[in-house]
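Written below as structure tokens is the structure these notes are about.
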Amino acid sequence: MLKLVGIIIFIFITGLFVTSYFIFSRKLKKKEEFFLFMIILNVIIDATWIMTEEMKLIVISQKIPEYIAFLLYRSVTIPFVVLFFLRLLLAYRTPFSKVLVGSGYVILLLLLESLLLHYKIITYINWFLSYSSICYIILMVIAYVMLAWYRHTFGQKKDGVLNESDSI
């Protein structure tokens with residue numbers, strides 16, 4: 001029964017982030033968001049594969065409901081959280097506010113990962129939350145760099161503000 005509660009919580013959290021992502025204002029074009037979503041998803045799937053299958057640092061539950069909760073977290077929640085916080089990073093101008101947004105991003109993902117651990121959806125073998133925090137920071141840096149590259153390559157403005165002619 002406890003694991004069922006965990007699965008329901010992850011379905012709710014995933015729905016909450018996907019909904020809030022589409023409700024709040026955009027700082028990115030749809031093309032940029034799609035590009036970043038695919039990059040983030042690819043990096044997460046590759047990193048997860050390496051950590052779970054190749055290095056055996058994390059064990060994922062083999063039960064179907066728990067595995068589905070993990071897949072929701074990995075393939076939907078994390079990319080939408082990264083894009084949501086990337087929008088916030090682009091919206092704020094001061095370094096202090098950017099540090100607060102980045103800290104909130106890492107803390108949120110660590111809390112979600114702690115829920116995965118609590119409900120035994122994943123189990124750490126030779127892994128720690130501090131390693132995950134480093135991975136989440138690297139993931140945000142990759143997203144930010146890829147956005148800058150995309151905008152440079154396709155002629156977008158770099159400060160997060162789009163011209164009227166840039167709208168889709």
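List of remarks:
- Scanning the chain for trypsin sites (Lys or Arg not before Pro) lying in DSSP loops with no more than 10 further Cβ atoms inside 10 Å, the longest uninterrupted stretch between such sites is 1-92.
- Positive-end residue, the chain charge dipole about Cα centroid, Cβ charges, pick of Thr94, Ile121, Tyr105: Thr94
- Theoretical gain in end-to-end length, Leu110 to Lys56 [0.36 nm per residue, Cα-Cα removed]: 17.4 nm
- Where Rh is the Kirkwood radius over Cα pairs, Rg/Rh for segment 1-64: 1.08
- Accessible area per residue for the chain, computed on protein heavy atoms with a 1.4 Å probe, is 57 Å².
- Of Lys29/Lys98; Lys30/Lys98; Lys63/Lys98, pairs whose Cα-Cα distance is over 32 Å: Lys63/Lys98
- Extending 7 Å from Cα along the Cβ direction at Phe128 and again at Val145 yields two label points whose distance is 2.5 nm.
- Spread of Cα-to-Cα distances over 5 Å intervals beginning at zero, given as percent, for segment 70-143: 3, 14, 26, 26, 16, 9, 4, 2, 0
- Protein accessible area in the chain, 1.4 Å probe - carbon and sulfur %: 73
- Length added when fully stretched, Ser97-His118, from 0.36 nm per residue minus Cα-Cα: 4.5 nm
- In the chain, the calculated helix contribution to ellipticity at 222 nm averages -23500 deg cm²/dmol per residue, counting -39,500 (n - 2.57) for every DSSP H run with n ≥ 4.
- Ratio Rg/Rh, restricted to segment 1-138 and using Cα atoms, in which Rh is the Kirkwood radius: 0.97
The values are calculated or read from the model by the stated rules, or taken from the named source; none is laboratory data. This structure is a prediction, so every number in the text was calculated from the model and none was measured. Positions of Cβ are backbone-derived with ideal geometry, glycine not excepted, and every protein chain shown enters the neighbour counts. With ligands, DNA and RNA removed, areas are computed over all heavy atoms of the protein, side chains included. Shrake-Rupley method; radii C 1.70, N 1.55, O 1.52, S 1.80 Å.
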